[in-house]
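Shown next, in structure tokens, is the structure this report addresses.
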Amino acid sequence: MIKPEKYLDPDVSVLSVSAMIIELFKSGNLLTYSEVFQKVIKKKGDQAKVIFLPALDLLFLLGKIEYHKEIDTLEFKK
Amino acid sequence: MRYDIHLLEGSTAFEGLVISICHDILGIGAHTFSTGKDGGRDSKFEGTATKYPSTTSPWQGKFIVQAKFTESAVASCSDSAFKNQLKNEELPRIKKLIEINDLDAYIIFTNRKLTAGTHHSLQEWLRGELNVDNVDIHGVEDLCAWLSANKDIVDQFKIDRGAKQIRFYEKDIKDLIITFNKDKTELAKTVENNFDFSDKFLDKQEKNVKNNLSAVYFEHIKSNSLAYFDEINKFLNDPKNSALLELYKQTVVELQHKITISREDFDKFEDILDVLYQYILDKNQSELSSRRALIQVFLHFMYFNCDIGIK
């Protein structure tokens with residue numbers, strides 16, 4: 001799912017969606033989960049729904065985001 | 001073209017095949033095989049052959065025909081077992097038949113391999129033993145040549161085209177086709193105007209030459225299936241179909257492996273596609289008969305997308 005391959009649509013790949021999520025945090029370090037989700041789906045389409053969580057997982061594994069459960073908010077780690 | 005004659009259901013089916021060939025080359029009067037009092041199974045024909053060994057000089061008189069079947073794909077007339085069977089079992093009986101009735105011609109049909117050298121030596125040996133000039137033996141090579149010219153016999157006996165049926169795990173492609181059929185949106189009736197296929201066609205011309213896919217068949221792919229390819233691509237690219245994509249990838253890897261192994265058994269690549277189509281359909285009649293056009297479409301897609309065949 002992460003590695004490029006023949007049947008990967010680059011526009012809805014994990015890398016593409018992760019990059020887009022990083023862009024969203026340019027205006028601030030905190031965004032609610034639903035804000036991020038809706039902006040991603042608005043731009044990438046319904047196909048991105050399946051990719052959204054894996055994209056967040058990737059950013060989490062890279063140490064770029066943290067999820068605050070009590071306020072349902074994602075924090076970008078610079 | 002080679003045919004899997006050894007996969008026929010036993011010697012009775014082979015005898016039926018031989019009789020069908022005899023009806024063509026000798027005449028409709030060739031009797032079906034029967035077991036004589038001496039225990040041997042022969043077919044008899046009496047008269048002037050229609051076109052055996054040729055139309056200009058056909059054999060005539062009393063014929064005895066024998067059919068020697070083997071389940072082995074590699075058995076040969078050079079094998080000592082074959083000659084021993086002829087020497088110990090058949091010749092004594094044939095000689096007795098000659099004593100009772102004159103014999104004018106003796107023909108053996110077998111699906112064993114027969115080289116030119118072995119043919120010559122066996123023929124000369126039989127002629128000497130029986131004291132009959134019109135003696136011949138036909139191996140699998142001759143049978144396949146006759147079958148290539150008589151497709152109705154091939155169909156009658158359901159002998160697979162090509163030497164081997166390509167068997168693979170076809171359930172995945174079945175599931176894919178069924179899901180795609182439910183999922184597909186509006187299918188383009190014609191190729192979309194904003195998609196330029198011209199450079200892809202040039203690539204494919206080279207691919208077609210490498211794979212020996214005929215120009216006529218490529219036109220068939222373009223007219224029959226090309227309009228679906230964009231939709232299939234979107235279907236496979238859709239992340240929600242990642243599990244189905246995995247099935248597709250497993251299928252094409254297996255198919256590519258099987259095609260590579262069997263390639264020499266087929267002439268044109270479209271023969272392979274036809275064998276695959278028939279195999280998938282035969283295995284999934286109830287589920288795919290109403291969607292069988294999509295079987296061809298997917299196979300064409302695999303080829304066009306360089307998932308099968310030489311790139």
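The values are calculated or read from the model by the stated rules, or taken from the named source; none is laboratory data. Here the structure is a predicted model, which is why all the values come from computation and not from measurement. Cβ placement follows ideal geometry from the backbone for every residue including glycine, while neighbour counts extend to all protein chains displayed. We work out accessible area using only protein heavy atoms, side chains counted, and drop any ligands, DNA or RNA first. Shrake-Rupley method; radii C 1.70, N 1.55, O 1.52, S 1.80 Å.
Just one of the listed residues (A:Glu75, A:Glu66) is surrounded by 14 or more Cβ atoms within 10 Å (Cβ to Cβ), at negative phi, away from chain B (no Cβ under 14 Å) and part of a strand (DSSP E or B), and it is A:Glu75. A:Leu30 fulfils the conditions (1) within 18 Å of B:Ala243 (Cα to Cα); (2) open to solvent by 90 Å² or more (accessible area, probe 1.4 Å) except for a single criterion, (1).
Could you check region A:1-15 and list, in sequence order, the residues that are free of Cβ contacts under 8 Å to residues at least 12 places away in the same chain and either more than 9 Å from chain B (Cβ to nearest Cβ) or in contact with a Gly (Cβ under 7 Å, 6 or more places away or on another chain) (or both)? Within region A:1-15, A:Lys3, A:Pro4, A:Pro10 qualify.
For region B:87-95, the count of residues that are among the basic types (Lys, Arg), in contact with a Leu (Cβ under 7 Å, 6 or more places away or on another chain) and open to solvent by less than 70 Å² (accessible area, probe 1.4 Å) is zero. Which one of these does B:Ser78 not meet: (1) in contact with a helix residue (DSSP H, G or I) (Cβ under 7 Å, 6 or more places away or on another chain); (2) open to solvent by less than 20 Å² (accessible area, probe 1.4 Å); (3) not acidic (Asp, Glu)? Single failed check for B:Ser78: (2). The residue that is farthest from the other protein chains (Cβ to nearest Cβ), counting only those in region B:232-266 that are among the small types (Gly, Ala, Ser) and open to solvent by 50 Å² or more (accessible area, probe 1.4 Å), is B:Ala243.
Within region A:23-47, residues that are away from every other protein chain (no Cβ under 14 Å) reach partners that are loosely packed, with under 13 Cβ neighbours inside 10 Å with beta carbons closer than 6 Å, at six or more positions or on different chains, in the pairs A:Thr32/A:Asp72; A:Tyr33/A:Asp72. Out of B:Ala13, B:Ala73, one residue alone is of a type in the set (A, V, I, L, M) and either buried (at least 21 other Cβ atoms within 10 Å of the Cβ) or touching a helix residue (DSSP H, G or I) at 6+ places or on another chain (Cβ under 9 Å) (or both). It is B:Ala73. Filtering region B:267-286 to residues that are touching a Ser or Thr at 6+ places or on another chain (Cβ under 8 Å) and either open to solvent by 50 Å² or more (accessible area, probe 1.4 Å) or within 12 Å of chain A (Cβ to nearest Cβ) (or both) leaves only B:Lys268. Select from region B:85-112 the residues that are modelled with pLDDT of 90 or more, within 26 Å of B:Asp4 (Cβ to Cβ), outside any strand (DSSP E or B) and of a type outside the set (Lys, Arg) and list them in ascending order. Result: B:Gln85, B:Leu86, B:Asn111.
Evaluate region B:208-231: report whether one residue or more is open to solvent by less than 10 Å² (accessible area, probe 1.4 Å) and either among the small types (Gly, Ala, Ser) or touching a Pro at 6+ places or on another chain (Cβ under 8 Å) (or both). Checked region B:208-231: at least one residue is open to solvent by less than 10 Å² (accessible area, probe 1.4 Å) and either among the small types (Gly, Ala, Ser) or touching a Pro at 6+ places or on another chain (Cβ under 8 Å) (or both).
For the residues B:Gly29, B:Gly128, the requirement of being of a type in the set (Gly, Ala, Ser) and open to solvent by less than 50 Å² (accessible area, probe 1.4 Å) singles out B:Gly29. Scanning region A:36-43 for residues that are of a type in the set (Lys, Arg) and more than 30 Å from B:Ile232 (Cβ to Cβ) turns up at least one hit. Across region A:48-59, which residue is nearest to the other protein chains (Cβ to nearest Cβ) among those that are out of contact with any Ser or Thr (no Cβ under 6 Å at 6 or more places or on another chain) and open to solvent by less than 30 Å² (accessible area, probe 1.4 Å)? Across region A:48-59, the extreme among qualifying residues is A:Ile51. Apart from one condition, B:Ile107 fits all of (1) under 20 Å from B:Val154 (Cβ atoms); (2) crowded, with 20+ Cβ neighbours inside 10 Å; the exception is (1).
Restricting region B:160-185 to residues that are under 26 Å from B:Asp267 (Cβ atoms), at pLDDT 70 or above and surrounded by 14 or more Cβ atoms within 10 Å (Cβ to Cβ), the residue that is farthest from the chain's Cα centre (by Cα) is B:Ile173.
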